[in-house]
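One structure is given below, encoded as structure tokens.
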Amino acid sequence: MRVSDITIEKIITQAGLVNESKLIDLKNEAENSAQPLQDVVLHQRLASDDTLTKMIGDYIGVPFVQIDPKDISEELLLKIPEHIARQYNAVLFAASEDGVLSLAMDDPDDVQALSFIQKEIGYNVKVFLATKANILDCLENYRGDVSKEIDETIAIQQNDQADAQTVTEEEFSENSPIAQTVNLLLEYAIKSSASDIHIEPREGFVQIRYRIDGVLREVNKLPQHVLGALVSRVKILANLKIDERRVPQDGRFKITVSGKQYALRVSTLPIADGEKVVMRILDESNQSVELEQLGYWGKSLLDIKEAMQQPNGMILVTGPTGSGKSTSLFSILTELNTPDVNISTIEDPVEYKITGVNQVQTNVKAGMTFASGLRALLRQDPNIIMVGEIRDSETANLGVQAALTGHLVFSTLHTNNAATCLPRLLDMEIEPFLIASTVKAVVGQRLVRRLCNFCKQQYTPDDGEVKSVGELFGLSAERSFSYIHELETRAASEQIGGDAPMSTTETSLTHLWKASPEGCEECNHLGFKGRLGIYEVLSISTAIQRQITANATSNEIQSEAISEGMTTMQIDGLVKALRGVTTIADVLRVTREQ
């Protein structure tokens with residue numbers, strides 16, 4: 001709901017969200033950026049959209065409601081025609097026994113809209129206020145089952161015997177079955193919370209797979225003859241060359257689904273059976289989340305927070321592709337993003353847009369590499385610099401020099417864990433004493449699947465499984481279950497796993513958690529919903545500095561860090577598995593190579 005700046009000022013002041021000086025700062029920012037005060041409050045995360053909307057509802061005397069789209073019956077939904085519901089952002093979500101209909105709107109003060117809707121459904125209506133995002137989610141119920149729509153659209157094409165290599169303009173025009181198929185595949189991927197879409201030609205068919213929570217799943221098979229038109233349609237959207245099928249191409253485009261904007265990074269690759277297309281989905285409306293929500297806790301959280309407060313130095317995030325490094329950096333930079341610092345980044349590509357941060361996209365063809373971009377950034381009077389990835393010794397040297405000359409530098413490296421990052425810098429011909437004096441902390445991370453809170457199952461392990469867990473996670477006499485119990489107790493105090501009961505005692509395991517084999521509607525019958533990180537934060541102490549200058553191995557550095565209290569990724573994952581957030585099998589899946 002759009003509210004005047006004067007009203008928002010009253011609401012946030014009465015709620016105690018701001019003092020007088022903070023209010024002046026907010027009003028100045030709103031004026032300078034030509035934004036409503038309401039948007040500035042949300043951007044600065046003084047209140048969430050739900051919280052602010054509830055405050056507005058209390059102020060104007062309209063009750064706030066948060067609706068679960070699954071709770072809306074089809075009969076109730078269809079009382080308002082879809083085009084009217086979408087035009088006025090309104091949805092019927094409940095009906096009482098005495099016939100009173102509950103109507104949610106994102107702007108209950110729109111008298112014209114309310115009057116028009118009442119003519120459709122009658123005047124026995126109680127109006128509620130809901131966020132626009134919540135209502136848009138509910139309006140998607142009009143669409144029904146997207147996967148069924150895909151099957152119906154594909155069925156239209158089954159009898160079409162067109163040559164796979166002959167593609168006419170009609171086949172990938174806006175209203176063609178191919179265009180509808182692509183739109184539905186994108187929409188279904190987004191509704192399934194997929195991170196990637198794979199369109200893969202096979203002998204006799206086209207395989208469609210989505211990567212959901214880090215695991216590829218087949219969702220559909222298309223007839224072989226639609227491949228040419230399908231790939232051409234994607235190329236048109238991504239502004240690629242349609243007639244070039246012999247070399248890889250890269251592009252991107254944007255779509256809007258349920259009021260949210262998504263960027264899709266497109267990559268094509270010629271393979272034996274045709275052209276393969278992979279699309280990475282990036283939610284551009286995503287707000288950054290705090291480090292605690294990503295899965296940081298305990299000593300790891302304290303160490304990364306301390307490193308972030310340093311006036312200069314280098315903080316490195318390590319892990320394989322798709323381990324959440326960009327998300328961690330996005331959250332860190334958002335937290336450090338205040339009006340009194342200049343933050344500049346050089347990225348390939350710019351995945352997350354951060355208001356107030358100067359983000360530069362690399363362009364190798366134009367000579368804009370990480371090294372040349374970093375060199376240019378240093379002339380832009382930055383306080384904080386983020387380099388998307390250190391790939392060569394030139395970029396590494398420039399990053400170290402920037403850290404030495406008073407800048408706080410963030411970057412990523414592809415190494416297995418935090419400790420192996422330091423010898424990797426030695427391989428890039430960085431002097432040991434420079435590594436020791438500039439690197440403040442190294443984060444190693446992976447992503448594990450999050451157990452569905454609605455259907456996860458608790459069970460009691462047998463003696464063999466308890467012994468196996470001890471061996472797999474290195475719980476020797478010196479590192480016994482009492483150590484894990486102590487960590488779990490701290491994790492529980494920091495609300496990791498919420499109110500789940502303790503899984504350990506001083507001497508053993510009492511129970512473990514697993515995914516439900518059949519799942520539930522909430523997790524789309526997968527047993528898992530979403531992902532979270534498991535982390536190790538290696539803080540560079542004086543003892544570790546001495547080891548670096550003495551060219552110590554990564555194993556020696558790791559051992560020293562553990563003796564100083566570092567929680568390794570595997571142990572962090574074990575604690576989260578004990579708290580019912582993930583499973584031991586999933587932790588081992590992403591960390592076993594160590």
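The values are calculated or read from the model by the stated rules, or taken from the named source; none is laboratory data. Bear in mind that the values here come from a model prediction, so they are computed numbers and not experimental data. Here the Cβ positions follow ideal geometry from the backbone for every residue, glycine too, while neighbour counts run over all protein chains shown. With ligands, DNA and RNA removed, areas are computed over all heavy atoms of the protein, side chains included. Shrake-Rupley method; radii C 1.70, N 1.55, O 1.52, S 1.80 Å.
Evaluation of Gln458 against the conditions (1) more than 30 Å from Gly497 (Cα to Cα); (2) in a strand (DSSP E or B) shows that the sole unmet condition is (1). Just for the stretch 1-32: of the residues that are open to solvent by 50 Å² or more (accessible area, probe 1.4 Å) and of a type in the set (Ser, Thr, Tyr), which one is farthest from Ser331 (Cα to Cα)? This residue is Ser4. For Asn239, the test of being farther than 30 Å from Leu336 by Cα and exposed (fewer than 13 other Cβ atoms within 10 Å of the Cβ) is passed. Does Val226 fit the bill of being at pLDDT below 90 and either out of contact with any Asp or Glu (no Cβ under 9 Å at 6 or more places or on another chain) or crowded, with 20+ Cβ neighbours inside 10 Å (or both)? When the stated conditions are applied, Val226 passes them.
Figure legend. Inter-residue proximity from the stretch 48-68: first residues farther than 16 Å from Asp137 by Cα, second residues open to solvent by less than 40 Å² (accessible area, probe 1.4 Å) and acidic (Asp, Glu), beta-carbon distance below 9 Å, spacing 6+ or different chains. Indicated pairs: Thr53/Asp106. Count, please, the residues in the stretch 541-594 that happen to be assigned to a helix (DSSP H, G or I), under 23 Å from Pro501 (Cα atoms) and not basic (Lys, Arg). Count: 14. State whether the residues of the stretch 437-450 include one that is of a type outside the set (Val, Ile, Thr), open to solvent by 50 Å² or more (accessible area, probe 1.4 Å) and part of a loop (DSSP other than H, G, I, E, B). The answer is no; no qualifying residue exists. Test Thr345 against the stated conditions and say whether it is in contact (Cβ under 8 Å) with a residue 24 or more places away in the chain, hydroxyl-bearing (Ser, Thr, Tyr), outside any helix (DSSP H, G or I) and surrounded by fewer than 20 Cβ atoms within 10 Å (Cβ to Cβ). No; evaluated as a whole, the condition is false for this residue. Applying a threshold of 7 Å to beta carbon distances and a minimum spacing of six or more residues, or different chains, the list of pairs starting in the stretch 79-92 at a residue that is surrounded by fewer than 14 Cβ atoms within 10 Å (Cβ to Cβ) and ending at one that is aromatic (Phe, Trp, Tyr) reads Glu82/Tyr142.
With respect to the conditions (1) assigned to a helix (DSSP H, G or I); (2) over 21 Å from Val62 (Cα atoms), Val18 falls short on a single one, namely (1).
Number of residues in the stretch 264-306 that are part of a strand (DSSP E or B), touching a residue at least 60 places away in the same chain (Cβ under 8 Å) and either farther than 26 Å from Gly444 by Cβ or open to solvent by 60 Å² or more (accessible area, probe 1.4 Å) (or both): the value is 10. Taken together, Val100, Val111 contain a single residue that is more than 17 Å from Ser258 (Cα to Cα), over 31 Å from the mean Cα position of the chain (by Cα) and in contact (Cβ under 8 Å) with a residue 12 or more places away in the chain, which is Val100. Could you tell me whether the stretch 116-137 includes any residue that is under 29 Å from the mean Cα position of the chain (by Cα), assigned to a helix (DSSP H, G or I), modelled with pLDDT of 90 or more and buried (at least 16 other Cβ atoms within 10 Å of the Cβ)? Yes, the stretch 116-137 contains at least one residue that is under 29 Å from the mean Cα position of the chain (by Cα), assigned to a helix (DSSP H, G or I), modelled with pLDDT of 90 or more and buried (at least 16 other Cβ atoms within 10 Å of the Cβ). Quickly run through the stretch 475-504 and pick out the residues that are assigned to a loop (DSSP other than H, G, I, E, B), surrounded by fewer than 13 Cβ atoms within 10 Å (Cβ to Cβ) and of a type outside the set (D, E, K, R). Of everything in the stretch 475-504, those that are assigned to a loop (DSSP other than H, G, I, E, B), surrounded by fewer than 13 Cβ atoms within 10 Å (Cβ to Cβ) and of a type outside the set (D, E, K, R) turn out to be Ser476, Ala477, Gln495, Gly498, Pro501.
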